[in-house]
Each structure stands twice: as structure tokens, then as C-alpha cells.
Amino acid sequence: MTHPFRSTAAHLCTALLSMTCSSGVWATDTNSVKFDSQIRNNSLALSPDESTAVVSYSERPELLVYDLKKGELRQTLPGYITPRNIVFAPDGKSFYVSDSSLGEVVKTDTATLQIQSRMAAGPGAFGTAISKDGQNLYLNNQASNTVTRFDTRSGLARSVITGFAQPRQGVKLSPDGSKLYVTNFLGDKVTIVDTKTDKIEGEIKDFSKIRAISISADGNTLFAANSGTHTLAVVDIGKREIKNLVAVGREPYGAALSPDGRFIYAGNLADQTVSVVDVATLHVAATITGFKQPRQAIAFTRDGKLAYVLNEDLSIAKVDRDSQKIVQQIVAPQKSASL
């Protein structure tokens, strides 16, 4: 019997797409209608073994897969329309890509780069977060104002949570997995979900064009990029209130917490810099230049020595964190004019 959620979303997707499949790679009509083209974002996911980076920009109908050991492009994966967010499974064997126009989450094998499955999510599918055991994938849908919990083993939706207001890319699980923090672009708030019950238990307000968020290792502090006020908000989760605002660059989108929890890296879209905020002092410790419209897509190596920052052209800036300087730009060959 066809799952009703899958069937409904599949019919919506069919109206938007013309697809063919060859050798496990789905090709999409590049003239397909974009569902929410007014919203632009990028995404970067680093594999657990730190050998692979998968990147996307919603204006491009493809993914780029980089071999970080060689510092070069491994492969371009077509078949998307507006790719929104990328997350690796905890074991690194596969990665998931949400596409708001396809209305799907696409699971791809990391080794072969072949598509393994597609989860029907409905147009507007956006931000994603995956549980530590890899069994639950949470998906924001900015069009339906919902968060869906998928069982990654079956590919089926197990819960649809309502009560959000245009949840986009920002969604994070607490370190212990007990809470899900969901950004609402409309209303500028963060909604807190109890993952045991899949019920909303509270919210944090008073952000300004909220973008990326991060959660401290002890689960007590949330950091959020306010692109409207050019600040980083520091939130006391227990009190559910903003306790500090740190001035950073213009239009910050990123709020990536370093592995040791000591620094927040904020990608500033308008001035093309990354602000490095010292968590202990809440002052900007460094401003790194040389990027091309950095947004939320920032990732760290586990040892904290390197940061990878995605540029708008889908090149990756490799940052040495000791010197706080770009030491390499990993660049893909120029895309063809047809793209």
C-alpha cells in the first residue's frame, strides 16, 4: 500500500518535473519551474572521515563533490532544481540532499555517488538535521510550515509537526538529541521541539532576520546569526531569552561553533568576510577576508585546525585556524554555459 504522505508529495513533484534515470543518476529538465526561487541559500557537508565535501547553491541545479585529500573536484551530480541542504549519515556511507522544487530528500551513496532512494517531502523542503544514530531525519518545509521526522530506514514520514512560520535552513538537534531547535524566518523566532513526543514545548523570540544557529556542547547556549541587525545573538536556552548581541560583519548568515566550543564563525554575506567571535569574551577575535559571499555553509575538521567556507561560486576556502587565514581555494573547473 502506498504511504499517503509519499503519494501526495509525489503527485506535486510530478507536476514540476520531467525526469529520466540513467545508471542511478537522475537527470532533471533544467527548464523545470523553481518552486521558491526568491529564496537563495548554499550548503556544505563534510564527510565524517573528512575526505569528501559535498556542496550546493540553490541557483544551480547540481551538486559538486570534492575530494579534499586531493584538493580537487571529484564529480558533478546533476538532477536537482533548488538544492537546499546537505547532511551526511553518521557512518559517512551516504548523504541526504533536500530540494525544495523537487519536493524530495535524495539519499546518495558516498562511495559510488549513485542515488539510493528518494523521500517524498513536498515542495518547500528545506533545512535538515539527522540524529546521532542516523535513524531519524528532520526536515523543515518552509511552504507548509511544518517539520517532518523521517525514518531513514524505510524512507517514510513518521511524524509531521505543525506550528512553524516559514522554517528554512536553520535546524539543529541538541547535543543529547532530546531537543530540536527550528528557526522561523517569519516571526524571527526559534521553536523548541521535544524529540521524544514530537511536540513543540516553547520558543525563543526577538531575533532579526534569523539565519544559522548552533548549540553549545552543554546544551545551555544557542548562537544565532541576525542578518537584519548585523549581530550574533547569544541565547540562554534555560531562560529562553537573548542575553547578549555581538556586532559582527554585514548581513551575517553563518553561526558555526568550533569543535572545542571556544569560537563562533559568522559568514558575512554583504562584506564577504568571516567574523571569528570568542565565546568567552563575546568579542570579535579576528576578521578573515578573501571570500565570495559566504553564508551559512561553514564546517570544521574534528581536530579544529581547519575550517572550510563555501563561496557563492561553489569553490571552497580552506582556512588555517591558527593564523586565521585562507591557505587554499579549492576550485572546480568552470561550469559550461548551459548551466
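What's the number of the condition G261 fails, among (1) free of Cβ contacts under 8 Å to residues at least 60 places away in the same chain; (2) under 24 Å from I330 (Cβ atoms); (3) of a type outside the set (A, V, I, L, M)? Unmet condition: (2). For region 278-300, a residue qualifies if it is among the polar types (S, T, N, Q) and exposed (fewer than 15 other Cβ atoms within 10 Å of the Cβ), and the qualifying residues are T281, T289.
With the structure loaded, tell me whether V182 is aliphatic (A, V, I, L, M) and more than 19 Å from A255 (Cβ to Cβ) or whether it fails that test. Considered against the rule, which asks whether it is aliphatic (A, V, I, L, M) and more than 19 Å from A255 (Cβ to Cβ), V182 comes out as no. Scanning region 326-339 for residues being over 20 Å from L68 (Cβ atoms) and part of a strand (DSSP E or B) gives a total of 0. Where residues in region 77-120 are under 15 Å from Y138 (Cα atoms) and small (G, A, S), which of them is surrounded by the fewest Cβ atoms within 10 Å (Cβ to Cβ)? Checked region 77-120; the qualifying residue surrounded by the fewest Cβ atoms within 10 Å (Cβ to Cβ) is A89.
Considering V190, V171, V160, V182, the condition of being under 27 Å from V97 (Cβ atoms) and either surrounded by fewer than 18 Cβ atoms within 10 Å (Cβ to Cβ) or out of contact with any strand residue (DSSP E or B) (no Cβ under 7 Å at 6 or more places or on another chain) (or both) is satisfied by V160 alone. Filter region 193-217 for residues that are under 18 Å from the mean Cα position of the chain (by Cα) and part of a strand (DSSP E or B); which is farthest from G170 (Cα to Cα)? Residue satisfying both the conditions and the ranking: I215. Exactly one residue among D133, D188, D109 is touching a Phe, Trp or Tyr at 6+ places or on another chain (Cβ under 8 Å) and acidic (D, E), and that residue is D188. Of the strands (runs of 3 or more DSSP E) that lie entirely inside region 70-130, not one contains 2 or more residues that are more than 19 Å from E59 (Cβ to Cβ), at pLDDT below 95 and not basic (K, R). If you go through region 311-322 and pick out every residue that is closer than 16 Å to I264 by Cα and either buried (at least 19 other Cβ atoms within 10 Å of the Cβ) or among the polar types (S, T, N, Q) (or both), you end up with 2. Applying a threshold of 6 Å to beta carbon distances and a minimum spacing of six or more residues, or different chains, the list of pairs starting in region 277-297 at a residue that is on the phi > 0 side of the Ramachandran plot and in the same structural domain as Y265 (by TED's automatic domain parsing) and ending at one that is part of a strand (DSSP E or B) and of a type outside the set (V, I, T) reads L282/N244. The set of residues in region 161-186 that are part of a loop (DSSP other than H, G, I, E, B) and under 21 Å from D133 (Cα atoms) comprises G170, S174, P175, D176, G177, S178. Scanning region 131-148 for residues that are under 23 Å from P90 (Cα atoms) and either assigned by TED's automatic domain parsing to the domain that holds Y253 or surrounded by fewer than 20 Cβ atoms within 10 Å (Cβ to Cβ) (or both) gives S131, K132, D133, G134, Q135. Of all residues in region 218-228, those satisfying the criterion of being outside any loop (DSSP other than H, G, I, E, B) and within 18 Å of the chain's Cα centre (by Cα) are L222, F223, A224, A225, N226.
The values are calculated or read from the model by the stated rules, or taken from the named source; none is laboratory data. If you're wondering where the values come from, they're calculated on a predicted model, not measured in any experiment. A quick note on method: Cβ atoms are made from the backbone with ideal geometry, for glycine too, and the neighbour counts reach across all protein chains shown.
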